Amino acid sequence: MLKLYNTFSRKIEDFKPINPPHVGIYTCGPTVYREVHIGNFRTYLMADFLRRMLEYNGFKVTHIKNITDVGHMRQVGQGHHAQNIDPIIKEAMDQGKTPLEIAQYYTSLFLEDEKKLNILKANVYPKATEHINEMIEMIKLLLKKEIAYESDGNIYFDVKKFKDYGMLSGNTLDKMDNLLEAVRISVETDKKDSADFALWKKAEKDRLMKWDSPWGSGFPGWHIECSAMSIKYLGKTFDIHTGGEDLIFPHHEDEIAQSEGASGKKFVNYWLHGGYLLVDGEKMSRSKGNVYTISEIEKRVMPGGRQGFDALAFRYLTMMTHYKSKMNFTFEALEGAQTALNRLKETMVAWEKPRIGCAEYEQRFLDAINNDLNMPEALSIVWELVRSDYPTSAKAESLFKFDKVLGLDLAKNQKSKIKNQKLEIPEKVTKLIKERDKFRRQKNFDMADKLRNKIKEIGYDVEDKGNKSVVKKV
Ligand code: AMP
Ligand code: ZN
């Protein structure tokens, strides 16, 4: 049985999809005004392992990942005096581009990085800017049901009208006052209750990104984006929603309130949240300035001389910690992951072609991934299999299967390594082989054997096939 930890129930549950074999997953995607950092990617990798694990089990997954290309922050003041300025708009102003150009540029970088990390493409990457109408329709419905109210061109969700508010995060209304004091950021003096949140915000004068609505020119709140788009592509109730643990409150709590308020139906059956990637014990985040991007790790030079890491080494690294636990990032740990990945691929070069797999290990691997995505356990099973006495053809068959979940390009790499290996014979060895060939032609087998031993000492073996010498790495 497949089990997942559900943040909503705070329990590990048996996974039962609504409409098997189909499974719908919605992943909160990036805000595209900067390069996405590896902390964000840890969370997207969790969603990728989840999706691959479900597909490994025979489910047909529809995966939706939104692109937040609308800025949601209000701006106070104009031009250079502007404060609280929205990051997408700020980046556009700084670079002399339109917000859409900024969003397009960083979206394409994001998609390239996802590809490098072998994150499977989502079925749809809906953009917030292309779904403003769906958001407006949902807000209209909430107003009609009187769960939302208008105040001077702003629309707020009336949290007191949604009795289940707080069930996901535990921030129920009775506990909210203190919390809101702590997180209050903006100047929303026109709300009925401080717990209410914006669905639609009135545009400031000269704001760069704004849309017409029944309530005047404005822009949507952040949470409504994910409600409108997930429901459009997956239906009013769908199977799994993922994100990082910082999205539990308020983002996902508010998504539930809006979606269930509008549809009258349960929004999501399983909520999965990934733990933070930390640097020196602190959350990796733009605002703390402690972020690394994929292109940075690819170029990183280590004190020991290593020139750069593969994006896939980061993928490997994330498997070494359970997705729910926080994980401290260091380049030393990344180096360890890169070494392990290289070793795995190098070991496989000498293996026979895949034939019949090892049933025992395949069962254990399946049990591990189906147990709330226990990737650390899955990795240790991989290494046990590698070190086992099974024939290499069996190990190869099983590992290529596992790679459907691991996503480490093991098969591709094995082929290219075999090709490369032929080119990598050191000059010294080539010279000795030529000399040995000469002795063989002269039928001086004593000398030929001596040279073979010399070649062996360097780590290569020569086999005689007719007139030719075939070299292998020992
Ligand atoms: P954002 O662009 O800030 O909305 O973040 C995109 C995704 O990355 C969200 O699911 C966040 O929860 C997640 N995220 C942000 N920072 C981290 C971090 N340091 N570690 C893991 N996930 C993160
Ligand atoms: Zn979202």
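Scanning the range 42-58 for residues that are more than 8 Å from ligand 1 (Cβ to nearest atom) and either over 13 Å from I240 (Cα atoms) or touching a helix residue (DSSP H, G or I) at 6+ places or on another chain (Cβ under 8 Å) (or both) yields L45, M46, F49, R52, M53, E55, Y56, N57, G58.
Considering the range 19-32, and only residues there that are in contact (Cβ under 8 Å) with a residue 40 or more places away in the chain and more than 16 Å from ligand 2 (Cβ to nearest atom), the residue that is farthest from the chain's Cα centre (by Cα) turns out to be H22. Within the range 5-15, count every residue that is in contact (Cβ under 8 Å) with a residue 12 or more places away in the chain and either within 18 Å of T237 (Cα to Cα) or of a type outside the set (A, V, I, L, M, F, W, C) (or both). Within the range 5-15, residues that are in contact (Cβ under 8 Å) with a residue 12 or more places away in the chain and either within 18 Å of T237 (Cα to Cα) or of a type outside the set (A, V, I, L, M, F, W, C) (or both) number 7.
Could you tell me whether the range 2-10 includes any residue that is β-branched (V, I, T), within 9 Å of ligand 1 (Cβ to nearest atom) and either at pLDDT 95 or above or closer than 21 Å to F329 by Cβ (or both)? No, the range 2-10 contains no residue that is β-branched (V, I, T), within 9 Å of ligand 1 (Cβ to nearest atom) and either at pLDDT 95 or above or closer than 21 Å to F329 by Cβ (or both). When G261, G274, G243 are checked against the criterion of being touching a Phe, Trp or Tyr at 6+ places or on another chain (Cβ under 8 Å), within 16 Å of ligand 2 (Cβ to nearest atom) and in contact (Cβ under 8 Å) with a residue 40 or more places away in the chain, G274 stands alone in meeting it. Quick one: is E335 among the acidic types (D, E), touching a helix residue (DSSP H, G or I) at 6+ places or on another chain (Cβ under 6 Å) and touching a residue at least 24 places away in the same chain (Cβ under 8 Å)? No.
Screening K401, K412 for residues that are at pLDDT 95 or above, under 22 Å from the mean Cα position of the chain (by Cα) and either under 24 Å from E55 (Cα atoms) or buried (at least 18 other Cβ atoms within 10 Å of the Cβ) (or both) leaves exactly one candidate, K401.
Go through the residues of the range 364-381 one by one and say whether even a single one is surrounded by 18 or more Cβ atoms within 10 Å (Cβ to Cβ) and at pLDDT below 95. No, that holds for no residue. Scanning the range 303-337 for residues that are aromatic (F, W, Y) and within 19 Å of D113 (Cα to Cα) returns F309, F314, Y316, F329, F331.
Counting just the residues of the range 134-158 that are at positive phi and either of a type in the set (G, A, S) or in contact with a helix residue (DSSP H, G or I) (Cβ under 9 Å, 6 or more places away or on another chain) (or both), which one comes out surrounded by the fewest Cβ atoms within 10 Å (Cβ to Cβ)?
In the first step, residues of the range 134-158 are kept if they are at positive phi; the result is 146, 152-153.
Checking which are either of a type in the set (G, A, S) or in contact with a helix residue (DSSP H, G or I) (Cβ under 9 Å, 6 or more places away or on another chain) (or both) leaves us with 146, 153.
Values: E146: 9, G153: 15.
For the range 134-158, the residue satisfying everything is E146.
D206 falls short on exactly one of the conditions (1) outside any helix (DSSP H, G or I); (2) within 16 Å of ligand 1 (Cβ to nearest atom); (3) under 16 Å from D86 (Cα atoms), and that condition is (2).
The values are calculated or read from the model by the stated rules, or taken from the named source; none is laboratory data. Note that this is a predicted model, so its numbers are computed, not measured. Neighbour counts run over all protein chains shown; Cβ positions are idealised from the backbone, glycine included.
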